[in-house]
Every structure is written in structure tokens, then in C-alpha cells.
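Trainee: Can you read through this structure? Questions will come right after.
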Amino acid sequence: MRTSDLKISISGIRGIVGQSLTPQLILKFSEAFSSFIGEGEIGVATDTRPSGSMLKYAVFSGLLSCGAIPVDMGILPIPSLQVYVKSKHLRGGISITASHNPVEWNALKLIKNGGFFLSPYEAEELLDYYYQGRFKRVAQSGIIKKEGHPFQIHETKILDFIQGDLIANKQLKVIVDPCGGAASPYVKSFLEQLGVEVKCINCGLSNGFPRNPEPLPQNITALSESVKKHGADIGFAQDADADRLAVVDEKGSPIGEEYTLALAIQYYLNHKQKTPVVINLSTSRVIQDISEKAGVELIRTKVGEINVSKKMLDTGSKIGGEGNGGIIAADIHACRDSFVGMALILEYLAVSGKKTSQLKSALPYYKMIKDKIKANFNDRKRILHLIQAKFDQGQTNTEDGLKVEYPDFWLHVRPSNTEPVMRIIIEGKNDRLVESIYSEIKECL
Amino acid sequence: MEDRLRISVSGVRGKVPGALNVEVASQFASAFSSYLEKGTVALCRDCRESSRMLSLSAISSVLASGLDCIDYGRLPTPFLQFSLRNSKFSGGISVSAGHNPSPWNAILLLNQEGHYLEAAEGNNVFNVYEAGSFDKAAWNQLGHISKKEFPLDAYLKILSSVVDSSEIRKAKFKITADPCNGAVSPFLKPYSEFFNLKMVYINNEIDQPFSHPPEPSIENSSQAQAVVKATNSDLGFLLNSDGSRLSLVSDKGAALSEESTLPLCLISLKKNITTAVSTVATSSIVDWAADICGIKILKTRVGQSSVCHTMIAERAEAGGEGSGSFAFLPFSPGYDSLFSLTLILDLMAKQRKKLSEIISPFPDLVRKKIKIKVSPVKTYRVMDQLEDKYSKEHPDFTDGIRVDRKKAWFIIRPSLTEFILRIMIEGQDLESVNSIEEEIKERIET
């Protein structure tokens, strides 16, 4: 079986530069997006990948070709672009970023008016435009507008929302690692305005990323070292487009991405507002426990930011997110946002007067195993049935792959949209139980 | 029928957003970049509404193939050619349809010397385009983009070594300029200051649509004629959108045929020219002018590519066409309207004569240029039939069909850029020209 590294799906278009991701494909995809979304201003931002500039010219050209007016935002985190699109009532946005994927990858992330990703149905329609070549090309292209201060709106919103004086009084010391990504030009000054002492590592823009951009514990060892060395109160790591956040405690230990979200939600419910909480099906039970304790409703959705965002808007939920470190605070905007995440967690430190490690250990303990296993596209349904038959005593949910919940553990198996793999997550209170369930599932393959 | 892409060394040309669109521009730029030696591509565009988006997609393709790109923004094509000559670039791309009206645009490809591609060279690029396998640089090998301003000072300095600029300055010419809202517009002010000209501008707003077809010709000169008369200008001129062609209005307010530009330039530069190249579709005024200047004239096919490459092959110093185009190789590799204008000012200054006086000895010929629309699929059948019909007169087949008769000559050829047959008839009197026109129309229709 031959698979292409090019992934055109309802998530957008993604591929490896120099292999599959050509300017021609990006051009056509931008023409399709412009035709689909209608004439108007479209914000265009990149992360710091060296291929960003080449792709941006193709995006500009494709947008102009179908009557849109590109607004050049330069390098900008994706949540900041989403907030901008919403606040300035732009028609849409395109973020040129492959997020946490390695540097040779790039992708287009598509944002509609209101600052949200496309829903699956909208994405399907966009793909129809793309595949059918239904481009509404115009004879007279417009101009390109330039935004000189693209981060300002996002920053001001967060600073207005957070109690900066509380944080400033505590004289906290913070190390931040934006991975030389889209947050790099902004994050140091942002944190300084929150009143903390900041040291930034991997903050310069270089030809390539200084580390793997996915903020997993094994990728952020430099941050752990730096936190220990400088005696910092907390360390933050962002991915290349700055939607995900990881936290390192004052001892230099990564607390795990699931706990990043847990800290933010715990604080929000106890000190900001009681509101329903929305998370995806793969997110830790820690959040469930926190919500129960706070006496608020917990709602789970399919995996994917847009599913969580939509549910939050529908239910009036103010806080939620995804377990991979994607914190969503609707007060700012219903999108995954590492900046509001940092702000909430710093405020938690300030208000509680506790150390990061203490806040984490006060949360319920769960063991989680996440893995990705190979499975041919046409084999995946069969495997799901096998697993379902094996775990037939639990409470089953087939909304997004297969999720089975037992009192002391749960498992979630989800076929990938783009690759011949299945993602597995198992979580429980007992390490050995979780490991044995994991090997049982692997036996099914 | 009209909406087809024309691919030739005169550019990849079509109507936007039909046959020519950002995708086509992107593919051609990729093909061209794959063909070029690694290095830097210089790029510019004229000021048509569609030129920006076409140039952006070309930039992306250049970068993706691993070549760097220098973007001159809005710039006359001859200035890009001048830059190519005086820098070390791998090649150039100009997004401009020159004299074509507005829904048209084109991607012009230039070699590292600033010349249009030679026919075989062009075919090579078009084959890369058709094969569709373009160079793809890895993420860390991609090209870089930078913007650059055209060094007008350096251009004017080199220009001053060809003409007597102090004489021109002393003459304090008053000039009516109609750059047709084209790419030369931003340069006219510093140019006029340098040569101490008093310039009266019409159609000098670069972001506005063309106020008349961007082809310098008598038909498009009515505004310039009126302004020359009203302001008592010494001369008026018209340019096309990318500044390669020039036509003139005399001090009397009379529009000169664009055919006069080339002979005037030859006369002005006669001391520097031994051989010049023209085309089989150029007025015989050029033969008269070359004769009195002692210049040898070679004739070739129509188009900047064939004229320039004949100049190079035959070691001719100059070349040009009846469209108002002139190139002088020691100065620049391409047709340059601002250079041509300067030569004519130099001639007026040196001879201390008015333009109307300089042209008064020109042979009094009657000329008709006719365009006949022909469906692109029928063009070559029509040409075949005409060849048969005229074969007894031993036509010249250098380009299309040229027949020389006693009192007149004519040429019929398919346009390189549009879906038309271009016919030019020139003769001693209107009667013989008219009778040939009738004859040709009859033969095409039947």
C-alpha cells in the first residue's frame, strides 16, 4: 500500500514541503476557500516555519484570484488570529501552520467568520469546491492589507480579563518555551505585562525548530532544566501555533498535558464562575471529578476543537478544552488558547499561594496511556468490533470511534481521518490495570 | 473562441481570469524556475488589476523551486531587462501584457542577459511546463524573497553616456506625457527633472484603469494631440503599459505613426550604428532612414525575441519594429520607450530643430494596419489558402506572407498575441492601398 504524505481532509490541507505540498496545491486550496467563503477580508498568518513565506505568497495569490482581500498578519499564533477574525468581523482567516508537526511539514488551517474552524459539513463543501475546481475567479484583484499590530486585540482581551495586580504582587518567576514558534515574538512581553519575571528559552526565530514542537514531556527537557536552574515557580511550553500548552512544576517535572487543562478548569470553576464544562471524549476523568465537585454539568463531544467550541456556545459553557493542553476560555474566545491558559494558571498560583506541584498533587490521580497503532484503512472497522466484543460489559459510546467506560477505567479507540492508524487512550486509577487493558487491546490487532 | 492561452516566446498570454489565471502563472513560473540555473529571479509587474495576483503566485513558485526572488514591484519591463543586464540574476519574469487591452495579461520570461527567450530556449521551458515535473526544494532549501527599488540614478547615468544630456537640459523642452496610467508613470517626474523638461501629464495615475487602449498609435493620440496644442508643447508622447513602445505627437499637434519611432531613433544614433535589425512588417520609412544614415538593415520575423536574437547573432547594435519599439544593445537588452524618447529629444537638441521639421523629409507613404478576427482553429487554414493564392507573386515567407508590388507592399500574418490576422499595407497612394485591402478581404472571405 502506498500512502501520500499529502493530507487533504476536512481538517484542511497538510503535507511535506519539497515533496507533496506545492505552491500549486496551496494556490488552488486558497482559491477554493475564497470561493467558498465569499468576498471580503481574510486574515493570513504564519507560524515561524521557513516555508511560511513561500506558502503565504501562494495563499495571497489564490485569495486575490477569487475576490478576497488578504490581510497580512505576519507571524501570529492561531488563537490570536481567531480572536482577530472575530473582533474585526473579518470574513475568515488562514493560518499557515502545521502546528505540532515537525518542521518539514506545513498546512493551511481555515477559519470562518466568528473566528471558528469549519464544521465538518462546511469542510466537506469546501472540498467540493476544491476537487471540482469551482473557483469564482475575478478579473480585477484587490489589494493586500497589512496589520502592524496583529497580537494586540488578543493580548488586551486577556489582560482585561485577568487580575494582573494579584499576579504581580506575588513576584513569580516564569520560564517559557515557545519552541521558536508563532508565539516567540509576543510571549515574553505578554507575560511581563501579567507582572511576572520572565525568562524565555527557544524564543528566537531560527531556521527550523529548536525542539520537536509537540509539547510532550520528552520534548521539553530543556524547559525542565531551566526551571530548576533558575528556581522558577513554573515553566510553560507552547507548540508552533501556540494553541496547546504544557506546564512544568517548580521542581522541573512536567505535570502532563491533561493536568494543564485540569488546573485551568479547577481554577476557573472555583474562583471565576460556575459554568458547564465541555471537553472531548478523550479527555481525562480528572476534569469529570473536578466538575462533579464543583457541582457543574460536564459535557463531552467528539474530538476536534470545533466540536468543543460549538458545544460551549450552544450550552453557554465558559470553560472547556481538549486534554492535549488545549484550554478554551469563552470569555476570550471559544478556541484553544495557550495564552489564556498561562494567565489562568498564573492567577491560580497567585490566588492560592501554593506551589505548582502542590496544585497538581491536590488533583485526583489517574494513569493514562496514549498510543497510535498501525491499522490498514479497510481493517479498522473489524478491529473496532473485536475490541467492542472484548469490552462488552462497559458503557459504550460510538459517537467518535469507540469509547467504553467502566467504573475503574475507560478506553477510547479512534481511527485517524488521514493516516492508516488508530489512536488508543486508556485511563484508570490503577497503573497496573491500565497497562493490562492496554496489552489486551493490542492483542486484538 | 477568444478565451485561449497563447504560449510563445512573446509571453504566456491570455484573458484574466479565463485562459490566464493564477494557476497557469504559477505553473509557468515553476517550469521557468526549474529550467533556470540556481540563483535569483528578478520579477516585476505592470499596473493592471490582475498583475498583482499573477506576480504573487509566480513568486511562490520561484521560492518553492529553491531560487531566490527579487521583487521590483511595479516596473517597466525594459527596466527589468536593464537590471538583468547589470546584475547577476538567473532570469527574469515580467507580468505585463504591454499593449494589449485590459482583460489580457501575460507572463514574460527573460533570460539572464535580460533578453526575451530565444525560440528554442522558450520551447524548452514550455516542455518543462507540459511535462509538469517541477523542481521542489526541501523546506530548508527554499528561496528567499526580497524587495528592491529600481536604481533610476544608475540608469540615467548610463543613459547620459549615450546622449548629450547637457544639450537636452539646455533646450528646456516642454512635453506632453501620456504613459496610459502605466508602469513608467512613477519614473517620469525624476526623469523630467534630470533632463530639465517641463512635463504636462495626462493619464498618469498608476492605480487607475487604462483610459484608452494601451497601444501607442495615432488612434489613441487624440487626448495627447489636444494637450500638445493647448500647452504649446514641443512634443507629446504615448507609452504602452510596460514602457516598451513609444509613439509621438509633433509640436504641431499632429500624431505621428508609431512607425516613425524606429527611424527617428536610428537617425539620432547613426554614429553608433552600422547594422540594425527590423522586421518584414515594418514600414519602409526605416529603409529610407537607414539609407541616408549609411546603416545596413536586416529583416526578420516580428517580435522582440526574433529581433533581439538576430541582433545578437548578426552583431547588430540596434533593432526595432514598427510598433514604436527600439533597442540599442550597448545600452540595454530590450525595447525601451524612455530610452527612445531620450534619443529623439537628443536629436531635437543637437539639430536645434522642431520635431515637425525633422520628420518633414520623411517619405510620404500611405499605410493601413488592419486586424481581422479569425477563429484560432481556422487561422492556419486561412493562411494556407492565402499562400496558395499569392504564390505566383513569390511572396516573402519570413513571417506570414509578404508581397511587394510596384506601388505598394503588404504583409498578412497571424498575431503572436491575439486571435487576429494582422495586415499591413503600405504604398505611395491611397488608391493602391485601398485596392489591396479590398483584394485581401475578398480572398480571406472566399
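The values are calculated or read from the model by the stated rules, or taken from the named source; none is laboratory data. Quantities reported herein were computed from a predicted structural model and do not represent experimental measurements. Counting neighbours? That spans all protein chains shown, and the Cβs are built from the backbone with ideal geometry, glycine included.
Trainee: Quick check on my filter: what residues within region A:17-45 are of a type in the set (Val, Ile, Thr), away from every other protein chain (no Cβ under 13 Å) and outside any helix (DSSP H, G or I)?
Mentor: If the condition is that a residue be of a type in the set (Val, Ile, Thr), away from every other protein chain (no Cβ under 13 Å) and outside any helix (DSSP H, G or I), then A:ILE42 is the only one that fits.
A quick yes/no check of all residues on (1) outside the structural domain of B:TYR129 (by TED's automatic domain parsing); (2) part of a loop (DSSP other than H, G, I, E, B); (3) within 23 Å of B:LEU246 (Cβ to Cβ):
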| position | (1), (2), (3) |
| --- | --- |
| B:ALA25 | no, no, no |
| B:LYS38 | no, yes, no |
| B:VAL41 | no, no, no |
| B:GLU49 | no, yes, no |
| B:LEU54 | no, no, no |
| B:PRO78 | no, no, yes |
| B:LEU84 | no, no, yes |
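Trainee: From the list B:LYS299, B:LYS350, which residue is farther than 22 Å from B:SER160 by Cβ, of a type in the set (Lys, Arg) and either touching a residue at least 40 places away in the same chain (Cβ under 8 Å) or assigned to a strand (DSSP E or B) (or both)?
Mentor: B:LYS299 is the lone residue from the list that is farther than 22 Å from B:SER160 by Cβ, of a type in the set (Lys, Arg) and either touching a residue at least 40 places away in the same chain (Cβ under 8 Å) or assigned to a strand (DSSP E or B) (or both).
Trainee: How do the strands (runs of 3 or more DSSP E) wholly within region A:255-361 filter down when requiring 1 or more residues that are under 25 Å from A:GLN218 (Cβ atoms) and touching a strand residue (DSSP E or B) at 6+ places or on another chain (Cβ under 9 Å): which remain?
Mentor: Per the criteria, A:277-280, A:319-322, A:326-329, A:333-336.
Trainee: In this structure, is A:ALA240 crowded, with 24+ Cβ neighbours inside 10 Å, outside the structural domain of A:ASN430 (by TED's automatic domain parsing), farther than 16 Å from A:LYS370 by Cβ and touching a Gly at 6+ places or on another chain (Cβ under 9 Å)?
Mentor: In short, yes.
Trainee: Out of region B:188-238, which residues are over 19 Å from the mean Cα position of the chain (by Cα) and in a strand (DSSP E or B)?
Mentor: B:LYS198, B:MET199, B:VAL200, B:TYR201, B:LEU235
Trainee: Taking A:ASN106 as the residue in question, decide whether it is under 22 Å from A:GLU305 (Cβ atoms), facing chain B (nearest Cβ under 10 Å) and in contact with a Lys or Arg (Cβ under 7 Å, 6 or more places away or on another chain).
Mentor: Judged against the criteria, A:ASN106 is a match.
Trainee: Let me ask you something else. Using the structure shown, decide if A:ILE369 is assigned to a strand (DSSP E or B) and at pLDDT below 95.
Mentor: Answer is no for this residue.
Trainee: Would you confirm whether any residue within region A:72-93 is of a type in the set (Val, Ile, Thr) and touching a Leu at 6+ places or on another chain (Cβ under 7 Å)?
Mentor: Looking through region A:72-93, none of the residues is of a type in the set (Val, Ile, Thr) and touching a Leu at 6+ places or on another chain (Cβ under 7 Å).
Trainee: Give B:GLY303, B:GLY319, B:GLY294, B:GLY324 a once-over and let me know the one that is surrounded by fewer than 24 Cβ atoms within 10 Å (Cβ to Cβ), closer than 27 Å to B:PRO213 by Cβ and not assigned by TED's automatic domain parsing to the domain that holds B:SER102.
Mentor: B:GLY303
Trainee: Restricting attention to region A:389-424, which residues are part of a loop (DSSP other than H, G, I, E, B) and of a type in the set (Gly, Ala, Ser)?
Mentor: Correct list: A:GLY394, A:GLY401, A:SER416.
Trainee: Output the number of the condition that A:LEU55 fails; it satisfies all remaining conditions of (1) within 12 Å of another protein chain (Cβ to nearest Cβ); (2) in a strand (DSSP E or B); (3) within 22 Å of the chain's Cα centre (by Cα).
Mentor: Condition (2) is where A:LEU55 drops out.
Trainee: I need the full set of residues from region B:1-17 which are more than 10 Å from chain A (Cβ to nearest Cβ), buried (at least 22 other Cβ atoms within 10 Å of the Cβ) and closer than 20 Å to A:CYS66 by Cβ, in order please.
Mentor: B:GLY14 - this is the single residue of region B:1-17 that is more than 10 Å from chain A (Cβ to nearest Cβ), buried (at least 22 other Cβ atoms within 10 Å of the Cβ) and closer than 20 Å to A:CYS66 by Cβ.
Trainee: Given the options A:ALA232, A:ALA183, name the one that is in a loop (DSSP other than H, G, I, E, B) and within 26 Å of A:ILE75 (Cα to Cα).
Mentor: A:ALA183
Trainee: For region A:141-165, which positions are outside any helix (DSSP H, G or I) and more than 14 Å from chain B (Cβ to nearest Cβ)?
Mentor: A:GLU147, A:GLY148, A:HIS149, A:PRO150, A:PHE151, A:ILE162, A:GLN163
Trainee: Restricting the first residue to region A:355-366 and requiring it to be closer than 12 Å to A:GLU250 by Cβ, which pairs with a second residue that is among the charged types (D, E, K, R) meet a Cβ separation below 7 Å and a spacing of at least six or different chains?
Mentor: The qualifying pairs are A:LYS355/A:GLU250; A:THR356/A:ASP233; A:THR356/A:ASP249; A:THR356/A:GLU250; A:SER357/A:ASP249; A:SER357/A:GLU250; A:SER357/A:LYS251; A:LYS360/A:ASP249.
Trainee: Hand me the list of strands (runs of 3 or more DSSP E) wholly inside region B:89-187 holding 3 or more residues that are within 14 Å of chain A (Cβ to nearest Cβ) and crowded, with 19+ Cβ neighbours inside 10 Å.
Mentor: It comes to B:104-110.
Trainee: Something else now. Would you check which residues across region B:392-419 are closer than 21 Å to B:THR279 by Cα and either hydroxyl-bearing (Ser, Thr, Tyr) or surrounded by fewer than 16 Cβ atoms within 10 Å (Cβ to Cβ) (or both) and list them?
Mentor: B:GLU393, B:HIS394, B:ASP396, B:PHE397, B:THR398, B:ASP404, B:ARG405, B:LYS406, B:LYS407, B:SER415, B:THR417
Trainee: Something else about it: Out of everything in region B:18-65 that is acidic (Asp, Glu) and facing chain A (nearest Cβ under 10 Å), what residue ends up being nearest to A:GLY133 (Cα to Cα)?
Mentor: B:GLU23
Trainee: Would you call A:ALA222 of a type outside the set (Val, Ile, Thr) and over 25 Å from A:HIS154 (Cα atoms)?
Mentor: Against the criterion (of a type outside the set (Val, Ile, Thr) and over 25 Å from A:HIS154 (Cα atoms)), A:ALA222 qualifies.
Trainee: A further question follows. Could you say which residue among A:GLU297, A:GLU250, A:GLU292 is surrounded by fewer than 24 Cβ atoms within 10 Å (Cβ to Cβ) and touching a Lys or Arg at 6+ places or on another chain (Cβ under 7 Å)?
Mentor: A:GLU250
Trainee: Residues of region A:386-404 being in contact with a helix residue (DSSP H, G or I) (Cβ under 9 Å, 6 or more places away or on another chain), over 18 Å from A:LYS372 (Cα atoms) and surrounded by 12 or more Cβ atoms within 10 Å (Cβ to Cβ), which ones?
Mentor: Once the filter is applied, which keeps residues that are in contact with a helix residue (DSSP H, G or I) (Cβ under 9 Å, 6 or more places away or on another chain), over 18 Å from A:LYS372 (Cα atoms) and surrounded by 12 or more Cβ atoms within 10 Å (Cβ to Cβ), region A:386-404 yields A:LYS390, A:PHE391, A:THR396.
Trainee: In region B:260-300, what count of residues is obtained for those that are of a type in the set (D, E, K, R) and out of contact with any strand residue (DSSP E or B) (no Cβ under 7 Å at 6 or more places or on another chain)?
Mentor: Matching residues across region B:260-300 total 3.
Trainee: Let me confirm something: among A:GLY67, A:GLY114, A:GLY74, A:GLY62, which residue is surrounded by fewer than 23 Cβ atoms within 10 Å (Cβ to Cβ) and outside any loop (DSSP other than H, G, I, E, B)?
Mentor: The unique qualifying residue is A:GLY74.
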